[in-house]
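The block underneath contains the structure these notes are about, expressed in structure tokens.
Nothing in this text is a laboratory measurement; each read-out follows from the coordinates by a stated rule. Given the structure is predicted, the values throughout are model-derived calculations rather than measurements. Cβ atoms come from the backbone with ideal geometry, glycine included; neighbour counts cover every protein chain shown.
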Amino acid sequence: MKKLYFLAIAAIVALTVVFFPQNEKSAEPRNGALEALQFLSDLQTYPSGKIPEQAQYAAWQQARRMPVSAENFRNTDPWESMGPHNRGGRMLSTTFNPLNPQTLYAGSASGGLWRSYTAGEGALAWERVVTGFPVLGVSCIAFPPNDSMTIFIGTGEVYNHLAAGTGAAYRSTRGSVGIGILRSLDGGQTWEKSLDFSMDQEEGIWDIVVAPSDPQVVYAATTNGVFKSTDGGDSWDWVLDVPMATDLVVYPTDADKVLVACGNFESPGYGLYRTGNGGQFWHKVISNGLPSTYRGKGQLGMAPSNPDIVYASFGDGFTTAEGASWLCRSTDFGQTWQLRNTTDYSKWQGWFAHDVAVDPQNPDKIVVIGIDVWTSSDGGLTLTQTSVGGTGFSNPPPQGPDGVINYVHSDVHDVNWHPTEPDVLFVCSDGGIHRSDDGGFTFASRNGGLQTVQFYNGFSTSPNNPQFCLGGLQDNNTIVWNGDLTWTRIGGGDGSWTAIHPDDDNTFFISSQYLNVRRTTNGGNNFTSMVIPGNSPTAFIAPYVISPANGDVMYAGTALVARTANGGDNWVASNGGNALDGNPVLSMDASWQDDGVVYVATAPYNGNRGHVFRTDNNGVTWPNITGDLPDRFPMDIAVHPLDDRIAFVAFSGYGTGHVYRTEDAGYTWEDISEGLPDVPTNAVIVDPLYPSNIYVGNDIGVFASVDNGATWINYSEGLTDAVMVFDLKISADRKLRIASHGSGAFQRDLLEVVWTSANEIDAEAWQLNVWPNPAKAGGTLNVSFQNPSPGKVGLRISDASGRTVYQQAATPFAEGNQELNLTLPDLPKGIYTLSLETEKGTFGQRIAVF
């Protein structure tokens, strides 16, 4: 056996970016999950193809040491949840507390560990478990049989690993990085490392089993093989080095008898392995009842009532075409096998989403999952599809249901029978958690409070209405927020970029993968598809923007940039119909003052680095302004609202600066990321009222600078453990909003300067609110405040020199909430101060005019 002290995989591979296919639409179902995970993998590892040792963990440790407040700025309340609480994102596992099955634990793909004390029942059933570590993906959860205080969790969502080899382009298919196995000895209150993978965070854990006959013996199926502990997780031995171990079962009365499934994407040595001596020797199982070759993964299910009976599920598909599935059964704990069924239940997700579980009392009664849920009462000889996927209800209540009586979101990852209640089982899918009370024939969602949806870039918030925003999700369409914790689904597929008309909230745009854009002009009641000219390659999550200066002008990117001047009715290719550099456009932003000024950035592709371009003539020409920017994925661009010569670019990857600023339209760039954690950075935004205030979102949280990037603070208070922040927006009422990949949406007050004048009173007590902010010159401005007692109130707007540019004389106002609506004069763009002048003093707020 090989004693584990640290793991280091030194494989060097050539990076092949694979998430930019041709524009032509496929008639077959496309494997969006594969493309989405490859997209994330490439963002993290380009150009080396590998995550540096301890990179994410070291960055998280650095973030914990950073200051959390800025001098001369008000301390703000922590981040508050925006939901959604009525729909879940991709969930990987569930496990019952062995002594109280009403307590249910669940692992998400990139939103951490969750717990429910009501077995998922209710509108607020779930809470996130704080581990004190940067835990994102939780693939498995395990307890000793009679111990509710000891908990093991496996971290990371890794379907392929560099050391495994593939013989194909799928060099690394990963959702979120892991740090190994964590253990709690006090029921989840505190956690510690058990099996430490933080040196090589490309590793992942897929299964943990505590031996029923000896709780000191623990086995773990990992991307690097099988590990075993004989001291309850204090130390581990590496007992099988076949890569991509995905599932294992341990004989209940003999901790030395283990059966494990290894392999994914045809990794070396894939197949079933069996040991009878605790891992000292392993025998690869060869049987006519097993598939001779397959390209996906294997999953195992042991019959609790007769542990000699074991089922194995194998998948083959991982492209746009359907593959094959094999359901096999053994009656001698894996020595010999019989092929029971070849119904293709896993289809194109043979590498990703399928499993089998056996009824606790009846070894012939099984549930098989893949794209959908299937049941059998004769040991798998016949399989009946019992669930339907597709589209659920548009606005389900948090307590469910979220679809018809047998609805389960497609791509089902885990199935778990209740230990004491007959016919009760739970399944995990890309749409959260569902419960069945009749053995898998009907289902109801159990997603109340399970905030795990995965937003992509391209989140939008209305510049006029603080309670309207929308964003695209992994495999969960586009969803709309209207002010509460429930969100409404619109659109289909993987939701992608969105955009809201700057002057009309009823007109907005949604999209799905590869720039399939649709427009509504009636608040979402009807949508029209846009016909946008483009060239291959196109990014999986492809960008488009509406010009804030002119809501009829839009830009959209494939390998070239298309432009419309009539709200999307007609599009033309810019740049003379030529691609910018042959690479796919990945990010863009438009000037707030001039609808002809746009910045775009392309992603690396086929060995060619990405670039940044700017047009100031409506796309007639696009000068390359890349300069000395780093060779990484340019994830986001932010144009300063008051000066389009100033722009920011955020970069993914490791080992370089992550945020760059230009003040001369791209002629020169300055790295302003010194002091920021070195992790993939996905979003950047500048506060228009305080132009020196910059916010960035990365794979572990939110960070802010109040001195133009010279120093940074950790602005993540209220976010648990680590949160993958994919986009940042500022709302009409000056809330900073984040769209995260795995933890839903949050909002928090922006940093505001502390007022110091002796005659200025506490604005917070008056609850002054101004929107939209920034505001258009000549446009409408709304002002609300809470008047503590009857009295006269006046209003004044002053420019930076103190000169009054607008004034309303003091008039009587009653006690309570008051609202004013005024039309701004045609002011020059800039920062102004709006002041309320009351009988008790004066207080105010900055506003930006563009």
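Could you work out how far apart the two model spin labels at Asn482 and Arg74 are, taking each label as a point 7 Å from the Cα in the direction of the beta carbon, and quote it in nm?
Distance between the two pseudo-spin positions: 3.0 nm.
Mind putting a number on the dipole of the range 763-849 about its Cα centre? Charges go on the C-beta only, +1 for Lys and Arg and -1 for Asp and Glu, and I need it in Debye to the nearest 20.
I would put it at about 240 debye.
For each of Trp571, Trp348, count neighbouring Cβ atoms within 10 Å of the residue's Cβ, then give the residues from fewest to most.
Taking fewest neighbouring Cβ atoms as first place, the list is Trp571, Trp348.
Using all C-alpha to C-alpha distances in the chain, build P(r) with 20 Å bins and read off the rounded percent in each one.
Taking all Cα pairs of the chain, the binned fractions are 16, 47, 29, 8, 0 percent.
Under the rule a/c < 1.5 gives rounded, and otherwise a/b versus b/c splits prolate from oblate, where does the range 584-685 land using the Cα gyration tensor?
Oblate shape, in that a/c is at least 1.5 and b/c is the bigger or equal ratio.
Using alpha carbons only, how many degrees (0 to 90, rounded to 10) separate the axis of helix 55-65 from the longest principal axis of the chain?
50
Please list the non-local residues whose amide H lies under 5 Å from the amide H of Ala775, H modeled 1.01 Å from N, same-chain partners needing a gap of 5 or more.
Answer set, sorted by chain and number: Ala848, Val849, Phe850.
How high is the relative contact order of the chain? Use alpha-carbon pairs under 8 Å, at least six apart in sequence, and give a whole percent. Write out the running numbers ahead of the final one.
Numbers: 2703 pairs, mean separation 87.4, N = 850.
Dividing the mean separation by the residue count of the chain yields 10 percent.
Label points 7 Å out from Cα along the Cβ direction at Val572 and Glu674: separation in nm?
Once both label points are built, they end up 4.7 nm from each other.
What percent of all Cα-Cα pairs in the range 459-591 falls in each 10 Å bin, counting up from 0?
14, 46, 33, 7, 0
So which GluC sites (Glu not before Pro) in the range 68-139 end up in coil per DSSP with only 11 or fewer other C-beta atoms within 10 Å? Show your work: numbers first, answer last.
Working: sites: Glu71, Glu80, Glu121, Glu127; in loops: Glu71, Glu121.
Those that pass, being in a loop and sparsely packed, are Glu71.
About the Cα centre of the chain, how large is the charge dipole given +1 on each Lys and Arg Cβ and -1 on each Asp and Glu Cβ? Please answer in debye to the nearest 20.
660
Show me 378-384, 816-822 ranked by packing, highest mean number of other Cβ atoms within 10 Å first.
Ranking the peptides 378-384, 816-822 by packing returns 378-384, 816-822.
For the range 211-316, state which chymotrypsin sites (Phe, Trp or Tyr not before Pro) are in a DSSP loop and have at most 14 other beta carbons lying within 10 Å of their beta carbon.
On the way: sites: Tyr219, Phe227, Trp236, Trp238, Phe265, Tyr270, Tyr273, Phe281, Trp282, Tyr294, Tyr311, Phe314; in loops: Trp236, Phe265, Tyr270, Phe281, Trp282, Tyr294.
Answer by residue number: Phe281.
Using only the alpha carbons of the range 726-850, determine the length spanned along each of the three principal axes and report them from longest to shortest in whole angstroms.
49, 33, 27
Is the shape of the range 628-731 best called rounded, prolate or oblate, per the rule: a/c under 1.5 gives rounded, else a/b larger than b/c gives prolate, else oblate, with a ≥ b ≥ c the square roots of the Cα gyration tensor eigenvalues?
Oblate, because a/c is 1.5 or more while a/b does not exceed b/c.
To the nearest 0.05, how large is the calculated FRET efficiency for Val805 and Lys840 if R₀ is 35 Å and r is the Cβ-Cβ distance?
The computed FRET efficiency comes out at 0.90.
What nm value, rounded to one decimal, do you get for the distance between Asp505 and Ser394 when each label is placed 7 Å out toward the C-beta?
It works out to 1.7 nm between the two label points.
May I ask for the net charge around Tyr219, where only other residues with Cβ less than 9 Å from the Cβ of Tyr219 are counted and Lys, Arg are +1 while Asp, Glu are -1?
Here the count lands on 0.
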